[in-house]
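See below for the structure under consideration.
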Amino acid sequence: MLDFTIDPDFQAKLDWAAAFVREEVEPLDLLFPHGGDPYDTRNEKARAILRPLQQQVREQGLWACHLGPELAGPGYGQVRLALLNEILGRSYWAPTVFGTAAPDTGNAEILAMFGTQEQKARYLQPLLDGEIVSTFSMTEPQAGADPKEFVCRAWRDGDEWVIDGEKWFSSNARYAAFLIVMAVTDPDASPHQRMSMFIVPAETPGIEIKRNVGTMDERENLGEGIHAYLRYHQVRVPLNAMLGGPGEGFKVAQARLGGGRVHHAMRTVGKCARAFDMMCERALSRRTQGTLLADKQAVQQFIADSWVELQQFRLLVLNTAWIIDTQPHGAARTQIGMCKVQTAKVLHDIIQRAVHLHGSLGTTGELPLAKWWMAAPNLALADGPTEVHRTTIAKQLLKNYRPAEGLFPSEHIPPKLEAARKRYAHIIEDDSLSGRVDA
C-alpha cells in the first residue's frame, strides 16, 4: 500500500539537506550563475568552494544517493530519491554538490551496467567521485531525438570502430572527459536495432566542436553556450569501446532514462515550491489600489491554483517513484510519461504567475524567476518532446480497453435498463409494493 510516512532518521537527513541547500548551496547560484559553471572542472575558485561542500554531503551519507549498494551507494530507492531531489531542485548547483548532476548520473549507470573493468576504473570511479564530467551524445541536427532518422555512422575497420557524422546538443562536451556516442552500425536493421553505443575519450583525434549553442538564457557571444554541435571526423576507438552489444544502443539509452525523468520532475517540484514561496511573500508585501495584492481575488486564485497544481504534480511523481520501487521493471512506464508531460506545464504555469505578481521586477535578472521561466521550453523537449510521451501514455492506456460489442456504446442506456428490469423483476412486478419505475 502507499505509505506517506517518512522514516524519522531519513527525515532528519532531509531537514539537514534543506537547510544546507538554502544556506550554503544557493549562494553558488549567484556567484557562478552560468549554465556551464557546475561542470567546469577547470574553474579553481568554484571548485575551492565546491569541494568542502561535497565533503559535508559525504559525511551526511547523502553523496550520489542514486547509486545502488553495488556501487557503494545507499540504495535508497526512488521515493527517497524523489524527496531529496525535491530539495535539490531549489538550486542549480545542488545536484553537483550532492553528486547527482545530469547527464553524469545516467552515464554512470550505463558504465556500471555495460562498461569493462578498465572503463570503470578510468571513467566511472572519477565520475562518481565528482572529479570529471561527461557527455551523452545522441541527438542529431536533422533528426532531433528520433532514432529512425539518425545518420551518424560507425563501422568496423580491423580492430577499431570508426565513427563519422554530426551530433547536436551534446551538453557539456566542452568540459567532458569522455562522450557516450550513439551511432548507426546496421542501417538495414529495424529502427530500434540500427544503433550501437560507444564510449569515446574527449581527447580522441577527429572530435570537432563546431560551436557551443546557447539556450534562451545563455549568451553565445560571451561563450556561455554549453550544448555542443559536434562533428565526428572518422573518430577511431577500439572494439571494446562499444557499450552493450551491436545494435543495442537504443536498449542502453533506455536503461538510463526512467529514474532521471522522475528526478527532473521532483526537482521541478522544488523549484516551483520556491517560486510559490516568492509569490506568497509578494502578495503580502505589495500594495496597489489601496490594498495588498493578497486581498485581490485574482491573486488569491493565482495562489490557490498554483498550490493545487503543485500538490497534484508532487503526488503524481511520488506515486511514480513508489511504483518503480515496488513493482516489476517497466510497470511505471505510463506514470513516467505522465511526469514528463506535466513537468514543463507545471513549471511554466506556476512561474508565469509568480513573474506576473512581481511585475516588471519579475522579468529582470534581479530575481531568479525569468531564468527559471525560460527553462520551461527546454523541459518540454528534453528526454523526448512532450507530444511523444502523450502518445505513449495514450497507447498504454488504450491497451486496457476493447471496442464496444455491437452498434452502440457499452454504456448505452436502453439495453442496460432492460437488463436491470430482468435482474429485479421479482420486485418491480410485485404489485403489493409502491414506487415508480421508469418506463
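Toward the positive end of the charge dipole of the chain, with +1 on the Cβ of Lys and Arg and -1 on the Cβ of Asp and Glu, the farthest Cα among ALA375, GLY99, GLN54 is that of ALA375.
Over the chain, Cα pairs under 8 Å with separation of 6+ residues give a relative contact order of 13 percent. Sequence-ordered 3J(HN,Hα) estimates for region 173-184 from the Karplus curve with 6.51, -1.76 and 1.60 and θ = phi - 60° stand at 4, 5, 10, 6, 7, 7, 10, 9, 10, 9, 9, 6 Hz, glycine and proline given as x.
In region 214-312, Cα pairs under 8 Å separated by at least six residues give a relative contact order of 14 percent. Summed over the residues of the chain and divided among them, the accessible surface reaches 52 Å² per residue at a probe radius of 1.4 Å. Each Lys and Arg adds +1 at its Cβ and each Asp and Glu adds -1 at its Cβ; summed about the Cα centre, the chain shows a dipole of about 520 debye.
Taking amide H as placed 1.01 Å from N in the peptide plane, the amide H of PHE169 sits under 5 Å from that of ALA228, TYR229, LEU230, each at least 5 places away or on another chain. Each Lys and Arg contributes +1 and each Asp and Glu -1, all at the Cβ; summed about the Cα centre of region 140-286, the dipole is approximately 620 debye.
Ligands, DNA and RNA left out, the accessible area of region 1-156 computed with a 1.4 Å probe is 53% carbon and sulfur.
Of all lysines in the structure, those lying under 21 Å Cα to Cα from LYS120, and not within fewer than 8 positions of it along the same chain, are LYS251. Test of understanding: extend the Cα→C-beta vector of HIS329 to 7 Å, then name every residue of region 387-409 with backbone N under 15 Å from that spot. Nothing falls inside the zone, counting backbone N under 15 Å. Using semi-axes √(5λ) of the Cα gyration tensor in Å as the read-out, say which of (i) 43, 33, 22; (ii) 40, 27, 21; (iii) 37, 31, 19 was calculated from these coordinates. It is the one labelled (i).
The values are calculated or read from the model by the stated rules, or taken from the named source; none is laboratory data. As the structure is a computational prediction, the values presented were derived from the model and not from experiment. So basically every Cβ, Gly included, is an ideal-geometry build from the backbone, and we count neighbours across all protein chains shown. When the accessible area is computed, the model is the full protein with side chains, heavy atoms only, and any ligands, DNA or RNA have been set aside. Shrake-Rupley method; radii C 1.70, N 1.55, O 1.52, S 1.80 Å.
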